[in-house]
1. Would you check which residues across the range B:101-115 are assigned to a helix (DSSP H, G or I) and surrounded by 12 or more Cβ atoms within 10 Å (Cβ to Cβ) and list them?
2. Please state which one of A:Thr98, A:Thr130 is of a type in the set (S, T, N, Q) and not in a helix (DSSP H, G or I).
3. For the range B:27-71, which positions are within 15 Å of A:Val24 (Cβ to Cβ), more than 14 Å from DNA strand C (Cβ to nearest atom) and in contact (Cβ under 8 Å) with a residue 40 or more places away in the chain?
4. I'd like to verify a number: residues in the range B:73-112 that are under 16 Å from B:Asn59 (Cα atoms) and away from DNA strand C (no atom under 13 Å from the Cβ), how many?
5. Just for the range B:61-93: of the residues that are more than 9 Å from DNA strand D (Cβ to nearest atom), within 14 Å of chain A (Cβ to nearest Cβ) and in a helix (DSSP H, G or I), which one is surrounded by the most Cβ atoms within 10 Å (Cβ to Cβ)?
6. Just to be sure I understand, how many residues within the range A:94-146 are within 16 Å of DNA strand D (Cβ to nearest atom) and not hydrophobic (A, V, I, L, M, F, W, C)?
7. Return the residues of the range A:11-26 that are within 16 Å of DNA strand C (Cβ to nearest atom) and either within 16 Å of B:Lys147 (Cβ to Cβ) or not hydrophobic (A, V, I, L, M, F, W, C) (or both); say none if nothing qualifies.
8. Here is a list: A:Val44, A:Val79, A:Val24, A:Val91. Which entry is in contact with a Phe, Trp or Tyr (Cβ under 6 Å, 6 or more places away or on another chain), on the phi < 0 side of the Ramachandran plot and not charged (D, E, K, R)?
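Just so it is clear, none of the values below were taken in a lab; they were calculated from the coordinates. Being a predicted model, the structure only gives us computed values, none of them experimental. Using ideal geometry, Cβ is built from the backbone for each residue, glycine included, and neighbour counts are taken over all protein chains shown.
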There are 2 protein chains.
Amino acid sequence: MSRAPLREPDTADLADLDQQVGYVLRRAQLAVFADFIAGQTGVVATPGQFAVLAVVGRNPGLSQSRLCELLGIKRANLVAVIDHLESLDLVRRDPSVTDRRSNRLQLTAAGDRALKRAIEDEARHEARVTRLLGAGGRAALLKQLAKLCELDSSRSFP
Amino acid sequence: MSRAPLREPDTADLADLDQQVGYVLRRAQLAVFADFIAGQTGVVATPGQFAVLAVVGRNPGLSQSRLCELLGIKRANLVAVIDHLESLDLVRRDPSVTDRRSNRLQLTAAGDRALKRAIEDEARHEARVTRLLGAGGRAALLKQLAKLCELDSSRSFP
DNA sequence: CGGATAATGTTATGATCCATAACAAACTAA
DNA sequence: TTAGTTTGTTATGGATCATAACATTATCCG
């Protein structure tokens, strides 16, 4: 049996973790999210809030259920997000007239302004990313990441 | 002002979120982690536990502080992880004789077996990823993700 | 040496994000 | 109408992240 060094190693050994997609993915995501957040100058505080504002802004009257499907989150977890955005007067829950269970989400005027500003900040963030990767590298990355998302649904018993 | 559709849209519009690195990164990470977890057949339950076991296994006698530096996590957040692994008898905290503040982390025999098994499961997971991306695509992805991690430290006030 | 300073592990606490289960109200379909 | 489903919600718990504070111990330096 080979005995590894018993002393406190002064050379860091990540045990090939940096060759595993999941691990590097996690580190990269934290770095990118941190840069995104640091670059936001308005009320938008998190990538999650940004995503909700962006999709509601593009799809006025969207229900919470459909928004959840789009974003890949659970209905139960959206409630607090909308609660918060509503308390900031960025989003409204208008009751649907055709289906009294569901709400039609709308941006308020303030929400519209906040979204526009957040999009500008996001563009600068994205430019920083592109400066690191190159335009081609960024496009390639997006394509690979999109493929990885397929790991999700294909999981069943064969 | 352009008025977007007020009806419940039947065509999903992600508002270009899928063209933003941070968003796709998040979705991909969730998918990859889910696949990793689904593929683990032993006691290892999360990528975090796997990372700790792997690094401790490769660096016996490592202190908690150095482990935290390697993994990029905070000392305070490692405590519960080690507590848990110790309660499963996978890891031991041996007091250091040269520095009575710090612990020397070691895998137990059970920890060693659990790590070996987790590594085998991880290899199958990684093979699934490679089947999706191709070997070259996977290597290119790792390189781009590593670049993204640089966003982290370079953030200061200019 | 001794006193300031720094590092280590820990506790406490809070935020974010994800997941499940249960439920009332409302819709849909047989 | 009855049975089943969908919608938004509450409650709850787990995993990770962050900060601040603290006792113990090391280290640095005059």
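1. B:Ala110, B:Gly111, B:Asp112, B:Arg113, B:Ala114, B:Leu115
2. Every option except A:Thr98 fails the conditions.
3. Within the range B:27-71, B:Phe50, B:Ala54 qualify.
4. Residues that pass the stated criteria total 6.
5. Restricting to residues being more than 9 Å from DNA strand D (Cβ to nearest atom), within 14 Å of chain A (Cβ to nearest Cβ) and in a helix (DSSP H, G or I), the top hit is B:Leu67.
6. Looking only at that region, the number is 11.
7. Taking the range A:11-26 and keeping what is within 16 Å of DNA strand C (Cβ to nearest atom), we get A:11-12, A:22, A:25-26.
Of everything in the range A:11-26, those that are within 16 Å of DNA strand C (Cβ to nearest atom) and either within 16 Å of B:Lys147 (Cβ to Cβ) or not hydrophobic (A, V, I, L, M, F, W, C) (or both) turn out to be A:Thr11, A:Gly22, A:Leu25, A:Arg26.
8. A:Val44
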